[in-house]
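Everything below concerns the one structure shown next.
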Amino acid sequence: MAGLQYAGEYQIKELLIHTSSGSVLNLTKATQSIDIYEDMFKTALSGSITILDVDNIAENGPIIGQEYMTIRLTTPSLEEEELEFIFAITKVTAREGLEPNVQVLALTFVSPEILRDKRIRVSKSYTDPINKIIENVLTDSRYINSNKDIYLEETAGIRKVVCPNLHPYEFIKNLTMEAITKKDSAPYFFFFENLKGIHFKSLNAIFDDDSVGEFHTGDVVPLDGKTVDHENDFKRALEFQINSNNDMILNTLGGMLGSNTIKYNIYSKSYERLRYNYFADFDKFSGSRIDENPIYNSNIIDGFENNVGSFGDSKIYLHPTNTKGSFASDQTTPELLYSYAPNKLNESILFRRAKIMELNNSINITMKINGNTTIAAGQTIQLTVPVTGRVHEKENDEYYSGRYLVTKVRHSFYQPDKKHEIILNAAKDSLSKELPQNSDAVEPLGSAGVVENVTY
């Protein structure tokens, strides 16, 4: 951290806007703030920039929502690492006059790949592993034609698929839903972009990676009250909130706790019911959870030996198939004719949708920290949450402390203060400590009886 004056320090080296008319606008000194958004559930980066316009650049450019922007900045906290980004400006979201001859411009931008995606379609057949198909779509000059760093995890099996005139990212989204890991056939793949590049990666691989940071919510102050501790400043949460999720009704209706898939074959006129139970299938795919214990209790809740995961009919999926015969899914040898793996979406949809709900509607936190470009969506962090209250035996909360998956990141660069801050969302799909069991946890029933011979 040589040369670091304070946590979150940064410097914009250059910010240029390249207009469609051919002019280049240097807005390095005019920039007021930049926000860049990463999201594990979205395919590309997005953001906004505010500019203090004293030279009528909006008209002289002109800026019409058809520009490209290049940003170069350094972060002394990362040993003067220089970061460079290219974004496409899509619209002018606001023009506010402050005083005569002065106005504030607000511009929205996205990764250039998004514009490319919206303009073209893919009509092509493939016989390859899903990761190879995605690689072709991303790098082919006819399609996305991206020159960014691309990180692709290998998938199991060779798939024979046809893209029926879909936008590239729409096609990739469909493939992501069908992809399974080579190690244990886990269906939890995500396709997203962060500041480090474009990623096609499973939760298993994400959880196999080391955590990229350690944070705490306690406000640790140097003993003398004067010593500057940059290392602790980067670990301290400036703001912290545990979001109120774990909505039992929402998670029940959404299929997080239990669901069924009815798979019916239009050739044989037969059907098969596939069931998902949160507790019975908790360890279905090894390595696909951040910790070892469920976030819900498996207590018996009624007189029929049911727990909250026993009610599969709370969410039912219908999935038609049109296959004749069978395929050997473990056959991946290219020399064998028709050795490709079949579509297993009907088997994985229960698990994948339940997992998405776990990440969005279980234990979620929002935290503000000092800016650090090593933190990105699709990584894990370690978080220590102290126990609240006056009387307690333990220092840290054993349920909320631990490892979290970073799902969303907002990088905020505020130029007047030269300060970079991050607001991140992180989630836990499991606990490091088992919840206590209660044999008397039967859900209460009403006490009134049947009233007969009632007239209204």
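Just for region 30-65: of the residues that are of a type outside the set (A, V, I, L, M, F, W, C), assigned to a loop (DSSP other than H, G, I, E, B) and in contact (Cβ under 8 Å) with a residue 60 or more places away in the chain, which one is farthest from T366 (Cα to Cα)?
Step one: list which residues in region 30-65 are of a type outside the set (A, V, I, L, M, F, W, C), which gives 31-33, 35, 37-39, 42-43, 46-48, 50, 53, 55-56, 59-62, 65.
Those left that are additionally assigned to a loop (DSSP other than H, G, I, E, B): 42-43, 55-56, 61-62, 65.
If we keep only those that are in contact (Cβ under 8 Å) with a residue 60 or more places away in the chain as well, we get 42-43.
On the way: K42: 18, T43: 21 Å.
For region 30-65, the residue satisfying everything is T43.
If I filter region 182-223 down to residues being at pLDDT 95 or above and farther than 22 Å from D291 by Cβ, which single residue comes out as surrounded by the fewest Cβ atoms within 10 Å (Cβ to Cβ)?
Restricting to residues being at pLDDT 95 or above and farther than 22 Å from D291 by Cβ, the top hit is G197.
Say we look at region 127-171 and pick out the residues that are assigned to a strand (DSSP E or B) and within 20 Å of the chain's Cα centre (by Cα); which of these is farthest from L83 (Cα to Cα)? Can you show your working first?
At the first step, the residues of region 127-171 found to be assigned to a strand (DSSP E or B) are 127-128, 150-152, 155, 159-166.
So of that shortlist, the ones also within 20 Å of the chain's Cα centre (by Cα) come out as 150-152, 155.
On the way: I150: 17, Y151: 18, L152: 22, T155: 31 Å.
Top of the filtered list is T155.
Would you mention how many residues in region 277-322 are among the aromatic types (F, W, Y) and not in a loop (DSSP other than H, G, I, E, B)?
Of the residues in region 277-322, the ones among the aromatic types (F, W, Y) are 278-279, 282, 285, 296, 304, 311, 317.
Checking which are not in a loop (DSSP other than H, G, I, E, B) leaves us with 317.
Matching residues across region 277-322 total 1.
Here's the yes/no breakdown for (1) among the small types (G, A, S); (2) buried (at least 17 other Cβ atoms within 10 Å of the Cβ); (3) in contact with a helix residue (DSSP H, G or I) (Cβ under 8 Å, 6 or more places away or on another chain):
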| residue | (1), (2), (3) |
| --- | --- |
| M357 | no, yes, yes |
| I365 | no, yes, no |
| I375 | no, yes, no |
| G402 | yes, yes, no |
| T407 | no, yes, yes |
| E421 | no, yes, no |
| Q437 | no, no, no |
| A448 | yes, no, no |
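Looking only at residues in region 340-389 that are assigned to a helix (DSSP H, G or I) and at pLDDT below 85, which one is nearest to A186 (Cα to Cα)?
Checking each candidate, the answer is S348.
Within the set of pairs 6+ apart or on separate chains, which have a first residue in region 115-129 that is closer than 20 Å to S46 by Cβ, a second that is of a type in the set (A, V, I, L, M, F, W, C), and C-beta atoms under 7 Å apart?
L115/A88; R116/I144; D117/I144
Could you please let me know if S111 is under 23 Å from H420 (Cα atoms), surrounded by 20 or more Cβ atoms within 10 Å (Cβ to Cβ), of a type in the set (S, T, N, Q) and at pLDDT 90 or above?
Values: under 23 Å from H420 (Cα atoms): yes; surrounded by 20 or more Cβ atoms within 10 Å (Cβ to Cβ): yes; of a type in the set (S, T, N, Q): yes; at pLDDT 90 or above: yes.
Here the answer is yes, as S111 does meet what is asked.
So which residues in region 116-126 are part of a helix (DSSP H, G or I) and either among the acidic types (D, E) or surrounded by 17 or more Cβ atoms within 10 Å (Cβ to Cβ) (or both)?
Our first condition is that a residue be part of a helix (DSSP H, G or I); within region 116-126, this holds for 116-119.
Across region 116-126, the qualifying residues are R116, D117.
Give me the residue from region 1-27 that is of a type in the set (S, T, Y) and crowded, with 16+ Cβ neighbours inside 10 Å and, out of that set, modelled with the lowest pLDDT.
Start the filter on region 1-27 by keeping residues that are of a type in the set (S, T, Y), which leaves 6, 10, 19-21, 23.
From what's left, crowded, with 16+ Cβ neighbours inside 10 Å: 10, 19.
On the way: Y10: 88, T19: 91.
By that ranking, first place goes to Y10.
The values are calculated or read from the model by the stated rules, or taken from the named source; none is laboratory data. All figures in this text were calculated on a predicted structure; none of them were measured in a lab. With ideal geometry, Cβ positions are generated from the backbone for all residues, glycine too; neighbour counts draw on all protein chains shown.
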